[in-house]
Every structure is written in structure tokens, then in C-alpha cells.
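Student: First, the structure itself, so that you have it in front of you.
The values are calculated or read from the model by the stated rules, or taken from the named source; none is laboratory data. All of these numbers come straight from a predicted model, not from anything done at the bench. Don't worry about glycine lacking a Cβ; one is built from the backbone with ideal geometry, like all the others, and counts go over all protein chains shown. Just the protein is used for accessible areas: all its heavy atoms, side chains included, with ligands, DNA and RNA removed. Shrake-Rupley method; radii C 1.70, N 1.55, O 1.52, S 1.80 Å.
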Amino acid sequence: MCSLHLLATALCAASALIAGRAPRPRHSSVRRVVAAADARTEEEAGHLLGFGDPTHEPSTLQRIDAACAARADALSADALAALEAKVEALDAELGAPIDVVARLNADASGKTVAVAAEFKRASPSKGPINVDADIAGVARTYASAGAALISVLTEPEHFRGSLEDLETARRAAQRESGDDARPAMLRKDFVSREAQILEARAHGADAVLLIVACLERTQLAELVAFCRRSSIEPLVEVHTEAEMDVALATPGVKLIGINNRNLHTFQLDMGTTSRLVEHAGPFAGIFASLSGVATRGEVDELPAAANVVLVGEALMRAPDPASLVAELRGVAATTIDADQRKLCKVCGITTPDDATRACRAGADVIGVIAAPGSKRRVDGAGARAVVDAVRAFGERTSRWAPTSRASLDAWAALLRRDTSRGRPLVALVVQDQPLEDVVRLLDESGADVVQLHGSEDRAYASSLPVPHVRVLHMPPVGAGGVAAAAAA
């Protein structure tokens, strides 16, 4: 432990004595239980990014985790005592935490999965998502739709969350569902201190996230044990085989979340859940798949052992999150015609940075112009860079490949649905260009759709390897006005 932390611990103890009470040994380990860097063993910390590398620069995850730890370390003895008192008061008012594992198992049977519905206003990888969302309203919607668990981001700087959000969600969901049927509440944050677990209990959480990528073995074991003593369920998150081994070897772990996203790089790999479930072998507890799922089809692709799915961004962007919860659970058929919103296309994008800005602003389709003569024309390589940026934002790994639909309305509804969940498409805008040139540009760029801007005929359009949209050129409005033009 560093000397500064020893000083902080001593000051907390001194303040408790001055206040006329003994230090609280229960929270004397509100700290990172880490040996000195030069004494850490590979067994203890070999799974941590940068272990053994003196030149390692902390990742974004590690920097956020350190900031959260610093805030927890700054809590005084009086603040910890106030949290303990709040735990008792909240339990008396709203009831003790529920059995999270039992709650999830009750929803996970057959084709039905337990849905952990997440509330988050923003993220480091996506920026603002739904910053003005009302936490009480969202929690009520999730509860009424049948979510088994509500996950609330409480980190303030990068996710724009708070502990107040957590408590508000608990109260709203409990009023909506009743004491006996309410969803479990998860504090999702970067937890490495017992004080953060105490904060979670004091604000209505039934579960708290523990990220193995941020914790040494001993530290994880001590935090899990503290969770057990505090009547709160630890959701232990892993992303690699080494982290899974650490989680499985930790006594008291009943709930393991497999994050398909690498939190150090923010890269998504939807094969992570299947790979780690297979690596783990038989497990008496529950596996949950975290990150990246937005449709029931993606739920069906998960291994049967992962019978809990956590969904955040897709729900926060969905025009009808209740319907999406039902679809994900498997209790309602997937629908493509409920969403009648207008689509927004931002055209003339020439750089990856501008494409990302347009995505964050809510664009459904990003247009890149390949038509000769345009001042904003891009070549195949330029279009490819834009496509890569848009796919990174929407976490697509391949070109949009919709199944055939019987009508234009059905196509439109499918397009609305697939773009409404934060997954914009890229349209390549062409105008009376040779078909072979357009096919080559599509191969080079990977664009999802073609926008025909000229006089291309049906045979031309039918030969395109991707779906297409067509610009309608209206005749000039003459003396007869708009009605005459529409009738022409």
C-alpha cells in the first residue's frame, strides 16, 4: 500500500476517534488490495493488461477504474457511517435485496432468456446515447416489459450516471412491479473498494459488477466475500480465458458475465461468449452474455448455457424499448412494422471523423458520393474508410444482408428496425455510371446499399449485389402547383 493511502487511512481512523467512536474495522480495507508492483506474482496478477511491462501505458478502462477508486478512497469515516445507516433505512423502507440468481433463473427457461435491461446515457466508445433519458420512466418501462434485472451505470464522467439514478430506478421499478415481482437492480460501475459495494447497497442495488480485468485474484476474492457478508450478489465480469479461470477459481462466484467487448480496446467480438462458455466447461451458476446483442436473432446465436443477456445501447436507442425487451426474452414475435419513424440520412460524408459525428448525432444512413463531378466525391478507399468508421460505431462486422421482403412497406420497416438500434448503414451514391464501375466500388468500399441518382433502369438495379434505393426526380412545379406535379 502506498504511503499516501496509509496516511488517508490513518486520517479516517483519527477522525472516527475524534468523533467519539472507534474506527470501523469492517471498512478498514476500503482500498485496493494490491501488493507492491515489483512483488506481484503472475498467479496473482498475470491476467491484468500490462503486467510485467514497465513501459505499459494504462488503457482507458484502467484510467477510469483508477479515478473511481480515488473517489471511493476519499470517503471519510463519517461518510461510510452515513452509508451504513442509509442501508438500514432503505432496507426498512423498501425491503432487503432479493435473490438475484433465483430471479434470473425464474426467467431463464426453454427459449425464454432473462433480460438484463441497462440504463446508460453515454459511453466512452459511443459518446452520447440518450443523455436526456428519464431514469424513472425507463425503469418503469423495463419493469413492466418483464426485464429480470435492471442495470444502472453510475459512473459520472464517461457514462453520465450517478448513485441517485440507481436509487430512483429501484423505487420506480418497485412501484411498477410490486415488492415480490420487481426486477433485480445492478450497480454497474468500476468497483474495486468495499466502500463502493456499501454505496451500492445504500442506493438499492441487489447486485454489483466486479470486473476481473481490473482486479487481482486476492482482491476479487475479498470483494466477493464482502458482497456475501453484505447480502449483495457479485456479477463477475470476464472477457478472456485467463479471466474466466480467475472467476471460476474464486469462492462464492455464482454469476459470471461474459463481456463480448474488450474494455481496453472497445472492440466487439460476438464469438466471445461461446468461446468462454466452452472454455469454462460445467458451471453450477449462471452465465450472462454482456454487450453487443440487439435482436432476438443474436440471442438465438448464443450458447444455451448463456441464458441471461444484458442489453443497453439498443434499448436506450429503441423507439419502443418495451417491445424490444419482449422480443429479446422470446415471449413476443419479432415485428418489423411497429416503427414508423422517419429515417435520417446524412449525405456527402468524406471522412471517418465526420461519419462518426453524424452517427453520434443519430443518423440512420450515411451517404458517400461516388458520382463523377461532385465536389464531395470519394474514391473506393475513401468510401472504405467511412464504412469502417460507421461499422465500428454500430459494431457491425459485415455488410447489411436483409432477407427478402414482399413489399416496399416491409422493406422500409426492416430498414427502420435495423438502423434504430444504433447501427447506421452506408449508402453509395452513384449516377448513370457503368455497372461494372459501381460493382467495383461496392467491392472496394463494402457499402451496405446503393442510392441510384440518375436514370438507371430496372435491369441495372436488379444486377446490383446489394439493396438499392432510388431518388425520385419530381418535375418542375408550374402554374398548376404541387398537385399538378404530383399528378404528372
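Student: Of everything in the stretch 305-329, what is open to solvent by less than 40 Å² (accessible area, probe 1.4 Å) and in a loop (DSSP other than H, G, I, E, B)? Give them in sequence order.
Tutor: 312, 318
Student: Of everything in the stretch 422-446 that's open to solvent by 20 Å² or more (accessible area, probe 1.4 Å) and touching a His at 6+ places or on another chain (Cβ under 9 Å), which residue is nearest to residue 121 (Cα to Cα)?
Tutor: The residue in question is 431.
Student: Do the conditions hold for residue 115, that is, is it among the β-branched types (Val, Ile, Thr), touching a strand residue (DSSP E or B) at 6+ places or on another chain (Cβ under 8 Å) and assigned to a helix (DSSP H, G or I)? Walk me through it before giving the result.
Tutor: On the way: among the β-branched types (Val, Ile, Thr): yes; touching a strand residue (DSSP E or B) at 6+ places or on another chain (Cβ under 8 Å): yes; assigned to a helix (DSSP H, G or I): no.
Here the answer is no, as residue 115 does not meet what is asked.
Student: Sticking with this structure for a sec: So how many residues does the stretch 433-453 have that are without any contact (Cβ under 8 Å) to a residue 60 or more places away in the chain and in contact with a Ser or Thr (Cβ under 9 Å, 6 or more places away or on another chain)?
Tutor: Number of matching residues: 2.
Student: Ok, one more. Residues that are farther than 22 Å from residue 66 by Cβ and in contact with an Asp or Glu (Cβ under 8 Å, 6 or more places away or on another chain): find the strands (runs of 3 or more DSSP E) completely inside the stretch 181-257 holding 2 or more of those. Lay out the reasoning, then the answer.
Tutor: Working: elements: 184-188, 207-211, 233-238.
In the stretch 181-257, 184-188 are the strands (runs of 3 or more DSSP E) which contain 2 or more residues that are farther than 22 Å from residue 66 by Cβ and in contact with an Asp or Glu (Cβ under 8 Å, 6 or more places away or on another chain).
Student: Evaluate the stretch 363-382: report whether one residue or more is under 21 Å from the mean Cα position of the chain (by Cα), under 20 Å from residue 124 (Cα atoms) and without any contact (Cβ under 8 Å) to a residue 24 or more places away in the chain. Lay out the reasoning, then the answer.
Tutor: Pass one, the stretch 363-382, residues under 21 Å from the mean Cα position of the chain (by Cα): 363-364.
Still in the list and also under 20 Å from residue 124 (Cα atoms): 363.
Next, from what is left, pick out any that are without any contact (Cβ under 8 Å) to a residue 24 or more places away in the chain: none.
Looking through the stretch 363-382, none of the residues is under 21 Å from the mean Cα position of the chain (by Cα), under 20 Å from residue 124 (Cα atoms) and without any contact (Cβ under 8 Å) to a residue 24 or more places away in the chain.
Student: Okay, next question. Anything in the stretch 274-299 that is aromatic (Phe, Trp, Tyr) and open to solvent by less than 20 Å² (accessible area, probe 1.4 Å)? List them, or say none.
Tutor: 287
Student: Is it the case that the stretch 67-77 has a residue that's part of a loop (DSSP other than H, G, I, E, B), at pLDDT 95 or above and closer than 16 Å to residue 186 by Cβ?
Tutor: no
Student: Report, by residue number, each residue of the stretch 370-389 that is open to solvent by 10 Å² or more (accessible area, probe 1.4 Å) and in a helix (DSSP H, G or I).
Tutor: Residues satisfying the conditions are 381, 382, 384, 385, 388, 389.
Student: Can you pull out the residues in the stretch 159-191 that are without any contact (Cβ under 8 Å) to a residue 12 or more places away in the chain and not hydroxyl-bearing (Ser, Thr, Tyr)?
Tutor: Pass one, the stretch 159-191, residues without any contact (Cβ under 8 Å) to a residue 12 or more places away in the chain: 162, 178, 180-181.
Residues satisfying the conditions are 178, 180, 181.
Student: Against the condition crowded, with 21+ Cβ neighbours inside 10 Å and assigned to a loop (DSSP other than H, G, I, E, B), how does residue 302 come out, does it pass? Explain how you work it out, then say what you get.
Tutor: Numbers: crowded, with 21+ Cβ neighbours inside 10 Å: yes; assigned to a loop (DSSP other than H, G, I, E, B): yes.
Judged against the criteria, residue 302 is a match.
Student: Just one of 175, 193, 121, 187 is out of contact with any Ser or Thr (no Cβ under 7 Å at 6 or more places or on another chain) and either polar (S, T, N, Q) or within 14 Å of residue 312 (Cα to Cα) (or both); which is it?
Tutor: Numbers: 175 fails: either polar (S, T, N, Q) or within 14 Å of residue 312 (Cα to Cα) (or both); 193 fails: either polar (S, T, N, Q) or within 14 Å of residue 312 (Cα to Cα) (or both); 187 fails: out of contact with any Ser or Thr (no Cβ under 7 Å at 6 or more places or on another chain).
One residue alone meets the criteria, 121.
Student: Counting only residues that are outside any helix (DSSP H, G or I) and not β-branched (Val, Ile, Thr), which one in the stretch 78-107 is surrounded by the most Cβ atoms within 10 Å (Cβ to Cβ)? Write out each step before concluding.
Tutor: Taking the stretch 78-107 as the starting set, the residues that turn out to be outside any helix (DSSP H, G or I) are 95-99.
Cutting the leftovers down to not β-branched (Val, Ile, Thr) gives us 95-97, 99.
On the way: 95: 13, 96: 12, 97: 20, 99: 14.
By that ranking, first place goes to 97.
Student: Go through (1) assigned to a loop (DSSP other than H, G, I, E, B); (2) touching a strand residue (DSSP E or B) at 6+ places or on another chain (Cβ under 8 Å); (3) open to solvent by 20 Å² or more (accessible area, probe 1.4 Å) and name the single condition residue 418 misses.
Tutor: (1)
Student: Tally up the residues in the stretch 346-369 that are open to solvent by 20 Å² or more (accessible area, probe 1.4 Å), in contact with a Gly (Cβ under 7 Å, 6 or more places away or on another chain) and not basic (Lys, Arg), please.
Tutor: 4
Student: I've got another one for you. Only residues that are at pLDDT 95 or above and surrounded by fewer than 19 Cβ atoms within 10 Å (Cβ to Cβ): list them for the stretch 447-458, please.
Tutor: none
Student: Counting only residues that are under 15 Å from residue 162 (Cα atoms), free of Cβ contacts under 8 Å to residues at least 40 places away in the same chain and either open to solvent by 10 Å² or more (accessible area, probe 1.4 Å) or not aliphatic (A, V, I, L, M) (or both), how many does the stretch 192-236 have?
Tutor: 0
Student: Within the stretch 38-45, can one find any residue that is more than 19 Å from residue 186 (Cα to Cα), open to solvent by 60 Å² or more (accessible area, probe 1.4 Å), out of contact with any Lys or Arg (no Cβ under 7 Å at 6 or more places or on another chain) and at pLDDT 95 or above?
Tutor: no
Student: Within the stretch 145-164, can one find any residue that is in contact with a strand residue (DSSP E or B) (Cβ under 8 Å, 6 or more places away or on another chain) and open to solvent by 60 Å² or more (accessible area, probe 1.4 Å)?
Tutor: Yes, because at least one residue in the stretch 145-164 is in contact with a strand residue (DSSP E or B) (Cβ under 8 Å, 6 or more places away or on another chain) and open to solvent by 60 Å² or more (accessible area, probe 1.4 Å).
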